[in-house]
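First comes the structure, then the notes that go with it.
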Amino acid sequence: METLATARRRPHLVLAAAVLALAYSAVTGVTQPQPAAAAAKFAQPISNAVWEAGMTYSIMWTDGTPGSRSLRLMKGQATALQQVARIATVDGASGTYEWTVPADLPTDDTYAIALGTPPDIGYSGQFTITRDGNGAPSPVGERPPAPMPAPVPTRP
(Lines give C-alpha, C1' and ligand atoms only; values in the text may rest on other atoms or scores of the structure.)
Protein backbone atom coordinates (compact mmCIF):
# COMPACT_ATOMS: atom_id res chain seq x y z
CA MET A 1 0.00 0.00 0.00
CA GLU A 2 1.29 3.41 -0.92
CA THR A 3 1.90 5.91 1.84
CA LEU A 4 1.27 9.63 1.75
CA ALA A 5 5.01 10.28 1.51
CA THR A 6 5.26 8.03 -1.55
CA ALA A 7 2.21 9.69 -3.17
CA ARG A 8 3.81 13.11 -2.73
CA ARG A 9 6.78 11.93 -4.75
CA ARG A 10 4.49 10.82 -7.60
CA PRO A 11 1.92 13.60 -8.20
CA HIS A 12 1.39 12.40 -11.75
CA LEU A 13 -0.16 9.20 -10.34
CA VAL A 14 -2.65 11.18 -8.22
CA LEU A 15 -3.57 13.27 -11.26
CA ALA A 16 -3.94 10.14 -13.39
CA ALA A 17 -6.26 8.57 -10.80
CA ALA A 18 -8.46 11.69 -10.80
CA VAL A 19 -8.62 11.73 -14.60
CA LEU A 20 -9.53 8.03 -14.69
CA ALA A 21 -12.30 8.56 -12.11
CA LEU A 22 -13.72 11.43 -14.16
CA ALA A 23 -13.57 9.37 -17.37
CA TYR A 24 -15.30 6.45 -15.62
CA SER A 25 -18.12 8.74 -14.49
CA ALA A 26 -18.55 10.15 -18.00
CA VAL A 27 -18.65 6.72 -19.68
CA THR A 28 -20.83 4.90 -17.16
CA GLY A 29 -23.08 7.78 -16.12
CA VAL A 30 -22.30 7.08 -12.47
CA THR A 31 -22.25 10.42 -10.69
CA GLN A 32 -23.38 11.90 -7.43
CA PRO A 33 -27.17 11.79 -7.00
CA GLN A 34 -28.87 15.08 -7.81
CA PRO A 35 -31.63 16.52 -5.63
CA ALA A 36 -35.16 16.36 -7.05
CA ALA A 37 -36.43 19.52 -8.71
CA ALA A 38 -38.51 21.79 -6.54
CA ALA A 39 -42.25 21.36 -6.79
CA ALA A 40 -44.43 24.18 -8.11
CA LYS A 41 -45.81 26.63 -5.56
CA PHE A 42 -49.36 27.85 -6.15
CA ALA A 43 -50.36 31.51 -5.91
CA GLN A 44 -53.96 30.84 -6.98
CA PRO A 45 -56.20 29.25 -5.81
CA ILE A 46 -55.22 30.09 -2.27
CA SER A 47 -56.41 28.14 0.76
CA ASN A 48 -60.07 28.77 1.56
CA ALA A 49 -60.80 30.56 -1.75
CA VAL A 50 -64.30 30.03 -3.12
CA TRP A 51 -64.69 29.41 -6.84
CA GLU A 52 -68.08 29.15 -8.51
CA ALA A 53 -68.80 26.29 -10.91
CA GLY A 54 -69.22 27.55 -14.47
CA MET A 55 -66.95 30.58 -13.95
CA THR A 56 -63.42 31.07 -15.34
CA TYR A 57 -60.45 31.58 -13.01
CA SER A 58 -56.67 31.89 -13.36
CA ILE A 59 -54.69 29.03 -11.86
CA MET A 60 -51.26 30.53 -11.07
CA TRP A 61 -48.00 28.99 -9.85
CA THR A 62 -44.25 29.64 -9.63
CA ASP A 63 -41.17 27.39 -9.74
CA GLY A 64 -42.73 24.90 -12.16
CA THR A 65 -40.42 22.56 -14.07
CA PRO A 66 -40.33 23.27 -17.83
CA GLY A 67 -41.96 20.75 -20.15
CA SER A 68 -45.34 19.04 -20.40
CA ARG A 69 -46.92 18.68 -16.98
CA SER A 70 -50.33 17.43 -15.92
CA LEU A 71 -52.60 19.94 -14.17
CA ARG A 72 -55.24 18.02 -12.19
CA LEU A 73 -58.21 18.74 -9.94
CA MET A 74 -57.99 16.79 -6.68
CA LYS A 75 -60.43 16.32 -3.81
CA GLY A 76 -60.43 14.85 -0.31
CA GLN A 77 -58.45 14.99 2.90
CA ALA A 78 -55.15 16.86 2.51
CA THR A 79 -53.19 13.67 3.24
CA ALA A 80 -55.24 11.48 0.86
CA LEU A 81 -56.22 13.57 -2.18
CA GLN A 82 -57.85 11.72 -5.06
CA GLN A 83 -57.94 12.89 -8.67
CA VAL A 84 -61.33 14.21 -9.79
CA ALA A 85 -60.38 15.37 -13.29
CA ARG A 86 -57.47 16.17 -15.56
CA ILE A 87 -57.68 19.91 -16.19
CA ALA A 88 -55.02 20.21 -18.90
CA THR A 89 -51.48 19.44 -19.96
CA VAL A 90 -49.43 22.62 -19.57
CA ASP A 91 -45.84 23.80 -19.79
CA GLY A 92 -44.81 23.64 -16.14
CA ALA A 93 -42.79 26.85 -16.49
CA SER A 94 -45.71 28.86 -17.94
CA GLY A 95 -47.04 29.78 -14.50
CA THR A 96 -50.69 30.25 -15.43
CA TYR A 97 -53.72 28.54 -16.91
CA GLU A 98 -57.23 29.94 -17.47
CA TRP A 99 -59.73 27.33 -16.30
CA THR A 100 -63.49 27.26 -16.55
CA VAL A 101 -64.71 25.28 -13.55
CA PRO A 102 -67.07 22.56 -14.84
CA ALA A 103 -70.67 23.46 -14.03
CA ASP A 104 -71.49 19.92 -12.88
CA LEU A 105 -68.94 19.71 -10.04
CA PRO A 106 -70.57 19.19 -6.64
CA THR A 107 -70.12 21.82 -3.95
CA ASP A 108 -67.24 20.80 -1.68
CA ASP A 109 -64.54 22.53 0.37
CA THR A 110 -61.80 19.91 -0.07
CA TYR A 111 -60.70 20.62 -3.65
CA ALA A 112 -57.03 21.23 -4.53
CA ILE A 113 -55.04 21.50 -7.75
CA ALA A 114 -51.93 19.44 -8.47
CA LEU A 115 -49.19 20.13 -11.02
CA GLY A 116 -46.62 17.54 -12.06
CA THR A 117 -45.84 13.97 -11.09
CA PRO A 118 -43.98 12.58 -8.06
CA PRO A 119 -41.45 13.49 -6.84
CA ASP A 120 -41.81 16.80 -8.73
CA ILE A 121 -45.39 17.64 -7.77
CA GLY A 122 -46.94 20.72 -6.20
CA TYR A 123 -50.38 21.18 -4.65
CA SER A 124 -52.50 24.27 -4.13
CA GLY A 125 -54.12 24.90 -0.78
CA GLN A 126 -57.56 23.39 -0.39
CA PHE A 127 -60.41 25.56 -1.63
CA THR A 128 -64.17 25.44 -2.18
CA ILE A 129 -66.08 25.00 -5.41
CA THR A 130 -69.73 25.98 -5.10
CA ARG A 131 -72.62 25.44 -7.51
CA ASP A 132 -75.21 27.57 -5.78
CA GLY A 133 -73.73 30.97 -6.62
CA ASN A 134 -73.93 31.99 -2.95
CA GLY A 135 -70.27 31.45 -2.11
CA ALA A 136 -67.97 34.28 -1.16
CA PRO A 137 -65.78 35.41 -4.06
CA SER A 138 -62.14 34.46 -4.21
CA PRO A 139 -60.09 37.14 -2.45
CA VAL A 140 -57.85 37.55 -5.51
CA GLY A 141 -58.86 38.17 -9.09
CA GLU A 142 -62.29 39.72 -8.60
CA ARG A 143 -63.00 43.41 -8.19
CA PRO A 144 -65.65 44.76 -5.86
CA PRO A 145 -68.31 46.96 -7.45
CA ALA A 146 -67.39 50.63 -7.73
CA PRO A 147 -68.86 52.80 -4.99
CA MET A 148 -71.84 54.92 -5.90
CA PRO A 149 -71.16 58.66 -5.91
CA ALA A 150 -72.64 60.61 -3.03
CA PRO A 151 -75.80 62.55 -3.89
CA VAL A 152 -75.28 66.22 -4.57
CA PRO A 153 -77.29 68.35 -2.13
CA THR A 154 -79.80 70.70 -3.73
CA ARG A 155 -80.87 74.09 -2.36
CA PRO A 156 -84.53 74.95 -2.17
Enumeration of residues in the stretch 40-59 that are over 18 Å from Arg86 (Cβ atoms) and under 8 Å from the mean Cα position of the chain (by Cα): Lys41
- request: Filter the stretch 53-111 for residues that are assigned to a loop (DSSP other than H, G, I, E, B), surrounded by fewer than 18 Cβ atoms within 10 Å (Cβ to Cβ) and hydrophobic (A, V, I, L, M, F, W, C) and give the result.
  value: Met55, Ala78, Ala80, Ala93, Ala103
Members of the stretch 54-76 that are among the polar types (S, T, N, Q), under 14 Å from Val90 (Cβ atoms) and without any contact (Cβ under 8 Å) to a residue 60 or more places away in the chain: Thr62, Thr65, Ser68, Ser70
query: Is there a residue in the stretch 100-110 that is more than 11 Å from Val50 (Cβ to Cβ), within 18 Å of the chain's Cα centre (by Cα) and at pLDDT below 90?
result: no
- prompt: For the stretch 38-83, how many residues meet the condition of being within 16 Å of Asp109 (Cα to Cα) and aliphatic (A, V, I, L, M)?
  reply: 9
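The values are calculated or read from the model by the stated rules, or taken from the named source; none is laboratory data. Keep in mind the model is a prediction, meaning the values are calculated, not measured. With ideal geometry, Cβ positions are generated from the backbone for all residues, glycine too; neighbour counts draw on all protein chains shown.
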